[in-house]
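In what follows, a single structure is set out as structure tokens and then discussed.
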Amino acid sequence: MPADHHHHDHTHHDHGDAHDPHAPVNEAHGVSEESALLERALRELLIEKNVFGADDLRRQIELTESRTPELGARVVARAWTDPQYKARLLAEPKAAIESLLGIDLNLTPELTVVENTAARHHVICCTLCSCYPRAVLGIPPAWYKSPEYRARVVREPRAVLGEFGTRVPDDVEIRVVDSTADMRYIVLPLRPAGTERMNEDELVTLITRDSMIGVSVVSGPSR
Amino acid sequence: MTRGVHDLGGQPAGPVDLAEHERTFFDQRVDAMMRLLAHPEQGHYTVDAMRRAIESLPRDEYFALGYYERWVRAIRQLVVEKGLLTEDELDRKLAALRAEAHRA
Amino acid sequence: MKPSFAPGDKVKVRAAEVSTHCRTPHYLRGKRGVVARVFGAFPNPEELAYHRLGIPYQPLYQIEFDFAEVWGRTERATVITADLFQHWLERDR
């Protein structure tokens, strides 16, 4: 199951296909009629009162959808292949990410990039709600927002990582990073062996969302 | 010792459900509405106010509601708090929408 | 507001109870840690949550806690960090 999960996460990087199988589906699926009515009532009234326009909503949806794990993967791949970029990324993450991706991170929360090494493995959480580097990686996965993850990752991180199929050696320090305030975190995962001859575009395809949260590591090409 | 319903670090809990949940149009619209209303420059309240409103949900509601369902209730509370809408307007609109839904 | 703490300083999280919005998780109240990073000052979320301005800005720190200090049992080579505001921290000698 963890391997399937890994593949599923991997396919979120497929873009350029007009019929996107991961596009939102099932209008109000799993949501009560009361919630659906409330959303519609709020939206229509707020538009009526010019608090915002329908176009504003549409633009905001497009903006949110434009941020995906692939953006983060490109940052990681560049950091792996360009030591100067990596140094800049660690020192001034927002500026480094803006300049690489051409996106505007002004007015978004502060970012810290935490580097996994042979001695230290970071895993990110938000026990109090769902703080996540949305401005780069997009919407967090459902499990990240779940009571189970939020409750347990700070208390039994190795067990939780195990549920993702990830085993961190006993002598590697696990650092559970609770995003409790204004800072958002992205993990710079360890570059796996066997990738030395790969170019940036090839590396991007290996780097998963989950490795940038820290519940997974990046697997090399020889799996 | 009082602990907010949202303050979950270390609480007993079961296995993490790894299933990916595709975003629905409902999710997208609630998310977008929140981003506009809590925009750092053009917004009417802060993300902190959103969190506070969500945290004040009764315990059983907090856990029974989906993530964006909690958000939509928080938005409702805050737009009334900030005087963007009145409870009256909302109640009348909801009644109208319910009537429409049951006619269909 | 000039930060009171620097990286390496030993601090203790206040064991206070509040019923209003707060970003200091319960599991860290009263726990001892070390300042890992100093992030600069930010508006106080406890004020922002009630439509107030959050002034004065409060210095924010990343505090590192030993797993055993937080949970009372050892888990090999595990550390927890959290980002906490200055007014929730006391110097721990």
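For B:HIS39, the residues 5 or more places off, or on other chains, whose built amide H falls under 5 Å of its own are B:HIS44, B:TYR45. Among the listed pairs C:LYS10/C:LYS31; A:LYS145/B:LYS82; A:LYS49/B:LYS93, those with a Cα-Cα distance over 18 Å are A:LYS145/B:LYS82.
What does a probe at A:GLU48 reach in the stretch B:66-85, counting residues whose amide N is under 15 Å from the point 7 Å along Cα→Cβ? Backbone N within reach: B:80, B:84-85.
Residues whose amide H comes within less than 5 Å of that of A:ARG120, counting only those at least five positions distant or on another chain, are A:GLU173 (H built at 1.01 Å from N in the peptide plane).
Tell me, C:LEU28, A:LEU190 in order of fewest to most beta-carbon neighbours within 10 Å?
Numbers: C:LEU28 25, A:LEU190 17.
Final ranking by Cβ density, sparse to dense: A:LEU190, C:LEU28.
The mean count of C-beta atoms from other chains within 10 Å of the C-beta of residues in A:76-88, rounded to a whole number, is 0. Listed by chain and number, the aspartates and glutamates whose alpha-carbon sits under 16 Å from that of A:LYS86, ignoring those within fewer than 8 places in the same chain, are A:GLU98, A:GLU115, A:GLU200. Ordering A:ASP210, A:ASP182, A:ASP55 by the number of other Cβ atoms within 10 Å of each residue's own Cβ, fewest first, gives A:ASP55, A:ASP182, A:ASP210.
Simple point charges give the picture: +1 on the Cβ of Lys and Arg, -1 on the Cβ of Asp and Glu, and for chain B a dipole about the Cα centre of about 180 debye. Using Cβ point charges alone (K and R +1, D and E -1), the dipole size of the protein assembly as shown about the Cα centre works out to roughly 1300 debye.
When each of A:ASP104, A:ASP178 is scored by the number of other beta-carbon atoms lying within 10 Å, the sequence from fewest to most is A:ASP104, A:ASP178.
Rule-based calculations on the coordinates, nothing more; no lab input. What you see is a predicted model; the values in this text were computed from it and never measured. Cβ atoms come from the backbone with ideal geometry, glycine included; neighbour counts cover every protein chain shown.
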